[in-house]
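Participant: Would you mind keeping the following structure in view while I ask a few things?
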Amino acid sequence: MTFLELAQQRYSERYFDSRPVEKEKLDLILEAGRIAPTGCNYQPQRVYVIQSNEAMKKAISTKASLCGCPIALLVCYDREEVWKNPGDRCYKNYNCGEQDACSVAVSMIFEAEELGVHSLWIRGFDSQDVIDALRLPENHVPVMILALGYPSDKSHPAHLHGKRKPLQETVKYI
Ligand SMILES: Cc1cc2nc3c(=O)[nH]c(=O)nc-3n(C[C@H](O)[C@H](O)[C@H](O)COP(=O)(O)O)c2cc1C
């Protein structure tokens, strides 16, 4: 399968099965995140693997739409380790943390997809809820949660999955 075929195959999973994700697969997913590019290679990402019942209960208490996933990855960046671009004249000391977290998350999503593990990118949470529920250190900024798992019988792409703007609307040749 080409990368484009893999990308076309992926959709946001909102109907997870309770079947656990094998440790070997989780390790590969985490490895894909580890080798992802980050600003100045500072690697400020901090990934919390939410897998115990206790941690999952706490994550569920934040009202993030975990959709019954058996495992979830909270991707944060460390605000003390992140690269800040001192040369940006628009945004002084532009902070690359969100981009770093996205870079790591995207690599993990597609590694998961290749392994048959579905995912849901979740940002519809209140950061303070996540910080409090999971008792994050002060310097860890939560960026997104990736819910991971196998699809259940009900699994299907939501209607938005099929809706993408044509390239002419989003790409400009200059
Ligand atoms: C930055 C970002 C935040 C998102 N937050 C949520 C969320 O909180 N809950 C949710 O159900 N889906 C969330 N999604 C998934 C999007 O709704 C989904 O990717 C989009 O509708 C396209 O559908 P598809 O992923 O099936 O192609 C998020 C995706 C991104 C990239």
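Participant: So LEU148 fits all but one of (1) surrounded by 10 or more Cβ atoms within 10 Å (Cβ to Cβ); (2) under 15 Å from TYR15 (Cα atoms); (3) near the ligand (Cβ under 10 Å from one of its atoms); what number is the exception?
Facilitator: Checking LEU148 against (1) surrounded by 10 or more Cβ atoms within 10 Å (Cβ to Cβ); (2) under 15 Å from TYR15 (Cα atoms); (3) near the ligand (Cβ under 10 Å from one of its atoms), the one that fails is (3).
Participant: Taking segment 6-26, which residues are more than 16 Å from VAL106 (Cβ to Cβ), more than 10 Å from the ligand (Cβ to nearest atom) and touching a residue at least 40 places away in the same chain (Cβ under 8 Å)?
Facilitator: TYR15, PHE16, ASP17, SER18, ARG19, PRO20, VAL21, LYS25, LEU26
Participant: Let me ask another. Residues in segment 45-65: is at least one out of contact with any Ser or Thr (no Cβ under 6 Å at 6 or more places or on another chain), within 15 Å of the ligand (Cβ to nearest atom), open to solvent by less than 90 Å² (accessible area, probe 1.4 Å) and among the hydroxyl-bearing types (Ser, Thr, Tyr)?
Facilitator: yes
One line per residue, one yes/no per condition, for (1) more than 22 Å from GLU31 (Cβ to Cβ); (2) touching a residue at least 40 places away in the same chain (Cβ under 8 Å); (3) in contact with a Gly (Cβ under 8 Å, 6 or more places away or on another chain):
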site	(1), (2), (3)
LYS57	yes, no, no
ALA64	yes, yes, yes
VAL75	no, yes, yes
GLY87	yes, no, no
TYR91	yes, no, no
ASN95	yes, no, no
VAL106	no, yes, no
ILE109	no, yes, no
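The values are calculated or read from the model by the stated rules, or taken from the named source; none is laboratory data. Bear in mind the structure is a predicted one, so any value in this text is a computation, not a measurement. Here the Cβ is made from the backbone with ideal geometry for all residues, glycine too, and neighbour counts use every protein chain on show. Only protein heavy atoms, including side chains, enter the accessible area calculation; ligands, DNA and RNA are left aside. Shrake-Rupley method; radii C 1.70, N 1.55, O 1.52, S 1.80 Å.
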